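What follows is a set of notes on a single structure, which appears directly below.
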Amino acid sequence: MTSRRQFLAAAAAALSTPALPNLAFAQAWPSRPIRAMIPFAAGSSLDIVGRLVLDPLSNQLGQPVVVENRGGAGGSIGTGLVAKADPDGYTILIQASAHSAAPAAYPNITYDVANDFVAIIPIGTVPNVTVVAPGSGIKTLKDLVAKAKAGSVTYASAGVGSATHWAAERIRVAGGFNGVHVPFRGGPEALTEVMTGRVDFTSMGMSAALPLINDGKVIPLAVSTPTRSRTLPNVPTTIEAGLPDSDYVYWMGLFAPAKTPPAIVERLRAETEKALKNPNVVEKFAAQGIEPMALTSAEFDALIRKEILTNIALVKAAGLRFN
């Protein structure tokens, strides 16, 4: 009887052994710095917001979270690097609505948005705000549409397929006008070109545009959200400004490569949720018009999968061409 018990115990131990290294690894994580990929330029809305959250997250985890800005191709270059990274918890991704738009804008991207990443937690939503130069003579969104229909306009973005591009295209399609898209590697460059009057308008994340708005260097015409922003209460929504179906919800969130150990994913989710409640983060988010986005990881993943299909359908229905 004793030998049978010993045999069963040994068999059970052998069966459980393969799981032990993963469990021990997850418990020891993190033991070294974590790389946080932000696939847009420094100073972009995503970069500003991401760093606000990553600072307390680093303190909570007890390891440096090192930001790497790798812009280009609407965020798909940096995102593609994360898709190929080891799923060990030491490479994470801060992405935004451009993530779910990538399959529509870049049909030949080398990664699968829906299946190559774990959607950990949404960080929040922020309005895109359409801005023009003070010397443009444009005071309202209707003025912009009228100018476009009378001749032509140019519009800047943080890259083909970026959320800034997507928001501007919604305005263009809803307004029924043509224009010339001028993509840049990041939001700061796009804002600079609009501020100087070399490009007519951009629809930029409020976090990046707000300092220029407050300094009077660009004029806000409308926000992309369905309701007005508490940060710019006197600025109408694009719908209020006369363009039905032009609203665009710009979200930001935290991701990891697929197959990252569930224990690490859960730790990242819990610690990020705690960081989002940090008083300094709450205060700065409120000042920049960033609203919380209370979704579980599963709900966040479902949102992204739905948006992928919606964006592909929009491109086909509107006849958009991303060059």
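Table for the structure above
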| read-out | value |
| --- | --- |
| Helix axis angle, 19-28 relative to the chain longest principal axis, alpha carbon, degrees | 60 |
| Mean separation of Cα contacts under 8 Å (6+ apart) over length of the chain, as relative contact order % | 26 |
| Contact order normalised by residue count of segment 128-223, Cα under 8 Å, 6+ apart, percent | 47 |
| Charge context of Ser246, other residues only, Cβ under 13 angstrom, K/R +1, D/E -1 | -1 |
| Cut-off 14 Å between beta-carbons: net charge of the residues surrounding Val118, Lys and Arg +1, Asp and Glu -1 | -3 |
| Centre separation in Å (Cα based) which lies between segment 228-246 and segment 28-82 | 31 |
| Gyration tensor verdict on segment 221-290 (Cα atoms; rounded if a/c is under 1.5, prolate if a/b is larger than b/c, oblate otherwise) | oblate |
| Which listed pairs, of Lys149/Lys306; Lys142/Lys284; Lys217/Lys316; Lys274/Lys306; Lys217/Lys284; Lys142/Lys316, have C-alpha distances above 30 Å, in listed order | Lys149/Lys306; Lys142/Lys284; Lys217/Lys316 |
| Sum of side-chain charges, Ala209 neighbourhood, beta-carbon under 12 Å (Lys, Arg +1; Asp, Glu -1) | 0 |
| Rounded to 10°, Cα long-axis angle of helix 163-175 versus longest principal axis of the chain | 40 |
| Coordinate range along principal axes, alpha carbons of segment 128-223, Å, largest first | 30, 28, 22 |
| Given charges at beta-carbon only (K, R positive; D, E negative), |dipole| of segment 219-274 in Debye | 260 |
| In degrees, nearest ten, helix 262-276 long axis to first principal axis of the chain (Cα) | 40 |
| Segment 44-104: C-alpha gyration tensor shape, a/c 1.5 cut-off, then a/b vs b/c | oblate |
| Prolate/oblate/rounded call for segment 50-165, Cα gyration tensor, a/c under 1.5 rounded | prolate |
| Whole-number D in µm²/s for the chain (Stokes-Einstein; Kirkwood sum over Cα pairs; 37 °C, 0.692 mPa s) | 159 |
| Residues Asp247, Asp301 arranged by fewest to most Cβ contacts within 10 Å | Asp301, Asp247 |
| Given charges at Cβ of Lys, Arg, Asp, Glu: the chain dipole, positive-most of Gly176, Pro122, Pro107 | Pro107 |
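Computed from the coordinates by the stated procedures, all read-outs in this text should not be read as laboratory data. Nothing here was measured: the structure is a model prediction, and the numbers come from that model. When we count neighbours, we look across all protein chains shown, and the Cβ atoms used for this are built from the backbone with ideal geometry, even at glycine.
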